[in-house]
Amino acid sequence: MTDPVLAAIRRRRVTRAMTDEPVSREQVETILDAARWAPTAGNRHLQRYVATTDPGTLRVLRMVSPGMIARPTAAIAVCVDHGLAAEYGFPPENRGPWIDVGTATATILLAAQAVRVGAGPVSSFSRAAVGVVLGLPGGWTAELIIGLGHPAPDQPRPIKPARLTWRDLTQWVPEDV
Ligand SMILES: Cc1cc2nc3c(=O)[nH]c(=O)nc-3n(C[C@H](O)[C@H](O)[C@H](O)COP(=O)(O)O)c2cc1C
């Protein structure tokens, strides 16, 4: 496989051990700039990002996020602006805004890799507490937090190594012969 995008997709792995070396503001900004190119439902861009490199804020974020195993030196919370979604006529049950969180997150993970920064998404956190810690405006909810940091030489073993091929995950219609 020679295509660099396909190679990067295959190479990307969650970083679960990070060094103390700070991630620069410029690196975070490059990652955020990449995120805005992610596809969004109706091209409405209902995601909002809250970014921090502040050690105190990161420490408190970790306290309310049991899923944050690493000690990131920067973090981006991917939020949904539900007020804006309603203004655009998205009914509350519409899945578009949540799917947008996924497209943004995938883009952020690949962009982090491109600027040589390790990244790991975290969904296990107290949404109420994170809302307070990050001072989220009314109507915004944090849906995923992406921890960013320089990978430590030793990484914990993956949760469960993926052994699935694309064939395991796919069915053809009509059924393949
Ligand atoms: C929606 C979502 C939520 C996740 N939440 C967490 C989490 O709370 N803590 C964590 O360590 N990893 C979390 N992960 C990372 C997955 O565990 C990881 O992607 C998976 O184990 C495969 O590893 P890989 O991305 O390195 O291939 C999450 C990933 C996604 C997509």
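The values are calculated or read from the model by the stated rules, or taken from the named source; none is laboratory data. Because the structure is predicted, anything quoted here is derived from the model rather than measured. In this analysis, Cβ positions are derived from the backbone assuming ideal geometry, glycine residues included, and neighbour counts consider all displayed protein chains. Only protein heavy atoms, including side chains, enter the accessible area calculation; ligands, DNA and RNA are left aside. Shrake-Rupley method; radii C 1.70, N 1.55, O 1.52, S 1.80 Å.
Put a plus charge on the Cβ of each Lys and Arg, a minus charge on the Cβ of each Asp and Glu, and nothing anywhere else: the dipole of region 4-149 about its Cα centre is then about 520 debye. A helix-only calculation puts the chain at -10000 deg cm²/dmol for mean residue ellipticity at 222 nm, using -39500 (n - 2.57) for each DSSP H run of at least four residues, averaged over all residues.
In square angstrom, what is the accessible area per residue of region 4-149 with a 1.4 angstrom probe? Walk me through the intermediate numbers first.
Working: 7540 Å² over 146 residues.
Roughly 52 Å² per residue, with all protein chains present.
The three principal axes of the C-alpha atoms in region 4-149 carry coordinate ranges of 44, 37, 24 Å, sorted with the longest axis first.
Among the protein heavy atoms of region 4-149, carbon and sulfur supply 57% of the accessible surface, probe 1.4 Å, non-protein parts ignored. Each of VAL60 and ASN43 was given a label point 7 Å from its Cα along the Cα-to-Cβ line. The distance between the two points is 3.9 nm. Relative contact order of the chain, taken over Cα pairs closer than 8 Å and 6 or more residues apart, is 33 percent. Can you run the Rg to Rh ratio on region 19-103? Use alpha carbon positions and the Kirkwood inverse-distance Rh. Ratio of gyration radius to Kirkwood radius for region 19-103: 1.03. The longest stretch of the chain left intact once loop-based trypsin sites (Lys or Arg not before Pro) with at most 13 other Cβ atoms within 10 Å are removed from consideration, loops following DSSP, is 37-94.
By the scheme Lys and Arg +1, Asp and Glu -1, what is the net charge of all other residues having a beta-carbon under 14 Å from that of GLY83?
Numbers: positive: ARG44, ARG48; negative: ASP81, GLU87.
Charge balance in the 14 Å sphere: 0.
The largest-to-smallest principal axis extents of the Cα set in region 96-158 are 40, 24, 21 Å.
Tell me, which longest segment in the chain has none of the GluC sites (Glu not before Pro) that fall in DSSP loops with at most 11 further Cβ atoms within 10 Å?
On the way: sites that count: GLU93, GLU175.
My reading of the result: 1-92 is the longest stretch.
In plain terms, the chain is cut at each of the chymotrypsin sites (Phe, Trp or Tyr not before Pro) found in a DSSP loop with at most 11 other Cβ atoms within 10 Å, and the longest leftover piece is 38-165.
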